[in-house]
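Comments concern the structure below.
Quick note: the coordinates plus some simple rules give every number you see, no bench work behind them. No experiment lies behind these values; they were computed from the predicted model shown. Cβ atoms come from the backbone with ideal geometry, glycine included; neighbour counts cover every protein chain shown.
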Amino acid sequence: MKKILLLIFACLFSSQGLIFSQQKLWSLEDCIKYSIDNNIQIKQQGIQTEVQKNSLDLAKFILLPNLNGQASHSYSFGRALDQNTYTFYKQTLQSDYFYLGGSMPVFNGLQYYNSIQKNKYQLLASKQDLQDISDNVALNVALAYLQILLNKELVAANENQLNITLQQIEKTRKLVDAGSVAKGNLLEIEAQAAQEELSLITQKNLLETSVLTLTQFLELKTPAGFEIVVPEINVDPNTIVSGNIDEIYEIAEKNRPEIKSSELKLTASEYGLKMAKGGRSPVLSLNYSLNSRYTDISNVPGESFNNQLKDNKNSGVGLTLNIPILNGWQVNKNISNSKLNVETSKYALEGTQKQLYKNIQQAYTDAVAALKKYNVSLKAIASTEESFRYTEQKFNVGMVTPVDYNAAKTQLLKSQSDMAQAKYEFIFKTKVLDFYKGIPLKLN
């Protein structure tokens, strides 16, 4: 019995250890990789890329010779023509017909070649679109991750403020009991504590919401038990935003997938125009065929089925030249539409380039502004911390009112919140700029 109990306890402890081993702290790199592996939009684009690959294969396979077969069995009643002897018989006639033939393109104004090129560049563009979607997912995950870090700092700051207030309540209660200060002071501080507790609950709710946002990006079913790595992040006040907008754009223009995709789509549209122009060219095809037939009436008594098929075998080969003359202006309109597609692709490329420049411009401006705000917040915190300590000392001896004390503490919390927000905004914007430079998203 003791052995059985020991075995049960061992199993319980081992399963508990397994549960703990499954729990993990998610780093930013873990979150980005997991979200890219599980994002629905990325999977859909992956399927679209496979469809485009199939289109390229079809464009290549059309160059191969085509071959088709046909077989038929028929009954003729009354006056019937024997196709073997070209003699009319007035009786029921059974016949079989077999055909094998096809054609192969020889020249069609390079339409097939241009079709292959068009589909090749569309496939390359689709792959770049897939990378662009992955990059956008990574940026959204990074923003959500940093939002959690920010909310954690704000929760900690609110908790610290509430703890200070609770300690001050105890001190004030003792002073009230001793008759040193009026009870109104205690009531005002207790009211402040209630307000700070409400602010803390609000901030915790924001933290839970930011965790939910990140887990939704990861396609996790529930945020329960989800925890991220909290790295030590410090911003050197002497930090500068490296490079300039034009330098960063020059790097990004050569490497960003959205630019490459637009360029490839433009090239594909140019090949589409060449395809349309090829419609004006004559089409030369090679044709070939092999056929034979059998009838149950034969001019050779006792001739077998196989012998009759052999005797009636016929084959041929030829060239067909199709010259377009009048086709309802379809070729001309296809050319006109293809030219418009080229112009549209040019505008799309220009728009993508301008949007990229605007994004870099905005991120750079935001990063510079956030750094300035961060440095000012550091100075503000230093002064408000000193002011709060001075006010707290005077409040402890009854030289200032609870209103002045709470105002000083509120100002300190605001300075801490402003600094935290500026710090994480600066970090995110600099990571965006690094991303445009081709540097992977990392916090360390």
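Taking 0.36 nm per residue of separation and subtracting the Cα-Cα distance, full extension of the segment from Glu250 to Ser180 would add 18.2 nm. The simple spin-label model puts a point 7 Å past each Cα toward its Cβ; for Ala407 and Glu232 those points are separated by 3.9 nm. Note on the stretch 366-444: semi-axes of the ellipsoid equivalent to its C-alpha gyration tensor, largest first and rounded to whole Å, are 37, 9, 8.
Short-range pairs are left out: with C-alpha atoms under 8 Å and at least six residues apart, the relative contact order of the chain is 23 percent. The label-point distance for Gln362 and Lys394, in a model that sets each label 7 Å from Cα toward Cβ, rounds to 4.5 nm.
The angle between the Cα long axis of helix 111-178 and the main principal axis of the chain comes to about 20°, on a 0 to 90 degree scale.
Computed on the stretch 124-216, with alpha-carbon pairs under 8 angstrom and 6+ residues apart, the relative contact order is 43 percent.
For the chain, the longest principal axis of the C-alpha atoms and the axis of helix 257-278 are separated by about 20°.
Computed over the alpha-carbon pairs of the stretch 222-267, the distance histogram in 10 Å steps reads 18, 21, 22, 28, 11 percent, short to long. What is the distance in Å between the Cα centroid of the stretch 306-356 and that of the stretch 161-175? After rounding, the separation between the Cα centres reads 84 Å. Give me the percent of Cα-Cα pairs in the stretch 185-273 that sit more than 14 Å apart, rounded to a whole number. Percentage above 14 Å: 82. Can you tell me the 0 to 90 degree angle between the C-alpha axis of helix 28-38 and the longest principal axis of the chain, rounded to 10? In the chain, helix 28-38 runs at an angle near 30 degrees to the longest axis.
In nm², what is the average projected area of the convex hull enclosing the Cα atoms of the chain?
On the way: hull surface 186.9 nm².
With the hull built on Cα positions only, its mean projection is 46.7 nm².
At a Förster radius of 41 Å, what calculated FRET efficiency corresponds to the Cβ-Cβ distance of Arg173 and Glu208, to the nearest 0.05? Rounded to the nearest 0.05, the efficiency is 0.80.
Site pair Lys372 and Asp418 shows an inter-label distance of 1.4 nm when each label is modelled 7 Å from Cα along Cα→Cβ.
Round to the nearest 0.05 the FRET efficiency obtained for Asn291 and Asp434 when R0 = 56 Å and r is the Cβ-Cβ distance.
0.20
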